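For reference, the structure is listed below as structure tokens.
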Amino acid sequence: MSRPRRVAASLLVAVALTSCSGKTAAPPPHAPAGPVPGAASAGDPYMPGAGNGGYDVQNYDLDLRIAPHAEPELAGTATITADATEALSRFNLDLTGLTVSKVTVGGSPAAYTRSAGKLVVTPPKPLPRGRFVVSVAYSGTPREINDPLLGKYGWIPTRDGVFTGDEPDGAHTWFPGNDQPGDKATFGFRVTVPRGLTAIANGELTGTGTTGGSTTYTWRERDPMATYLAMVDVGRFTVRTGRTPGGIPIYVAIDPSVTTIGLGRLYDETARITDAWVRLFGPYPFGSTGGVVDDAPVRFALETQTRPEYVAGIVADPTVIAHELSHQWFGDSVTPARWSDIWLNEGFATYAEWMWREREPGGVPVQRQFDSRYSQKESGDLWNVPPAAPGRGRMFGRAVYERGAMTLHALRKKVGDAKFFAILRAWAAEHRHANATTADFIALSERVSGISLGRLFRVWLYGKGRPANW
Ligand SMILES: [Zn+2]
């Protein structure tokens, strides 16, 4: 994610968020003999209560009827295929607001109750370990989240439709699931909207059909995706599709009321940057690339998988596009399991931004971008907040983004360009479509470089105060 922030010399500072935690509970020493309730939280202290335990989602099929500005705006069925990781007497899904009308497990009606942020499902018979399918029919008008720190996110009405931007925990305002980054799954979307509107989601468009006054768009994301990266954008859009010069399918769309960037430039920048990052970071991790620019009343861009979302006010800067597309490798394909590791998303994407700024005409060398920050001796968050342990209140703060990027630059100077880029490519390759931690990154960096890097990462990622030597 990136958010414009005014700092001294009109630096574009990205702020990020994320989180998740896939805390896997160790089996108790005396495991209960019978089925147990699944855990009611993933156990991430940055997102108390978010996510659930006892199962591992494999696929979401979201069949949604969206009627912007109608009441209700949303009616749908979520069909979730999951693997029970223990025998379950009941389990929780994350879901806030909305009215649930029916829940089935394995096709049979299941009992359910609601509690804060949760849908608690009791199957007709306890579930053994292994595959099961739960289906939830629901409707209502999702409420946007208005957070004092993060601003508005989640389900955001626009003039002509709806925009969804879910990081870190907005997804469960519009579909039930395991809303934590440690449980990634494939997604199918079947979105029915009033004729004349377009519905855009992640992955590839696999069909459209108009019946009467409605059009249905089906999208498929075949690669695992964290819930915070799922999106559905509905409205009037002009669309361009094709392939990047490097051969990657591309789908871009712009709300026609947006004047800060044209469809041609969005397409060209997206194609050029995607191909450039392939050369630097390794094979593109997903089936397609792209972007959507909407007129949503928010001030962020988000790296929604395969298709980042932008709004009019911040898309004009190509380094924002460079930032969000780099997240396809760093954040979307390789995803932190816990939100405390969000620098693995935002430090990397900020460093990508710096590298793109260096390449632009009149570009600023990465070293100078590092130096301009390092010379700030008294700079609050930058030196006082450890990027790899920022605390919940600073997880989208300057240290995570900028000191995270500085950490990578310090690493690059220490190991040299060849080994540094080998580390980035190995990171993307070895943890492709999976979850990873800061400890994983440190271990990989030492293995690939053959250099002991404990001190460097300690002072840059975990220390307070401006690092002096490393
Ligand atoms: Zn970001």
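Throughout, read-outs are computed from the coordinates displayed, never taken from laboratory work. Predicted model, so just to flag it, every value in this text is computed and none were measured. Note that each Cβ is placed from the backbone with ideal geometry, even for glycine, and that neighbours are counted across all protein chains shown.
Per residue, how big is the convex hull around the C-alpha atoms of region 34-233? Give it to me in cubic angstrom, could you?
114 Å³
If you put +1 on each Lys and Arg Cβ and -1 on each Asp and Glu Cβ, how big is the dipole of the chain around its Cα centre, in Debye rounded to 20?
860 debye
If you average the alpha carbon positions of region 386-431 and of region 142-217, how far apart do those two centres end up, in angstrom?
31 Å
Could I get the Rg over Rh figure for region 335-462? Both from C-alpha atoms, Rh via Kirkwood, rounded to two places.
Across region 335-462, the Cα-based Rg/Rh ratio is 0.95.
Taking 0.36 nm per residue of sequence separation and subtracting the Cα-Cα distance, how much length would be gained by fully extending the chain between Ser108 and Ala422, in nm to one decimal?
107.9 nm
Could you state the per residue volume, in Å³, of the convex hull enclosing the Cα atoms of region 71-173?
112 Å³
May I ask you to sort Trp356, Trp174 by Cβ crowding, counting other Cβ atoms within 10 Å and putting the fewest first?
Least to most surrounded, the residues fall as Trp356, Trp174.
Considering amide H positions built from the backbone, and no H for Pro or chain starts, which residues 5 or more places from Asp179, or on another chain, come under 5 Å of its amide H?
Hits under the 5 Å cutoff: Gly51, Asn52, Asp94.
For the residues Lys118, Lys464, Lys414, what sequence is obtained by ranking on other C-beta atoms within 10 Å, fewest first?
Exposure proxy ranking, most exposed first: Lys464, Lys414, Lys118.
Total Lys pairs in the chain closer than 19 Å by alpha-carbon, pairs eight or more apart in sequence or interchain only?
6
Residue by residue through region 120-132, what is 3J(HN,Hα) from phi via Karplus (6.51 cos²θ - 1.76 cosθ + 1.60, θ = phi - 60°)? Round to whole Hz and write x for glycine and proline.
Each residue of region 120-132 in turn: 9, 10, 10, x, x, 10, x, 8, x, 4, x, 5, 8 Hz.
I'd like the trypsin sites (Lys or Arg not before Pro) in region 317-393 restricted to DSSP loop residues with at most 12 other Cβ atoms within 10 Å, sorted by number.
Passing both the DSSP loop test and the Cβ count: Lys377.
With a cut-off of 8 Å between alpha carbons and a minimum separation of six or more residues, what is the relative contact order of the chain in percent?
14 percent
Shape call for the chain from the C-alpha gyration tensor, a ≥ b ≥ c root eigenvalues: rounded (a/c under 1.5), prolate (a/b greater than b/c) or oblate?
Oblate is the answer for the chain, as a/c is 1.5 or above yet b/c matches or exceeds a/b.
Report, for region 209-354, the % of DSSP beta bridges that are antiparallel, rounded to 5.
The answer is about 55 percent antiparallel.
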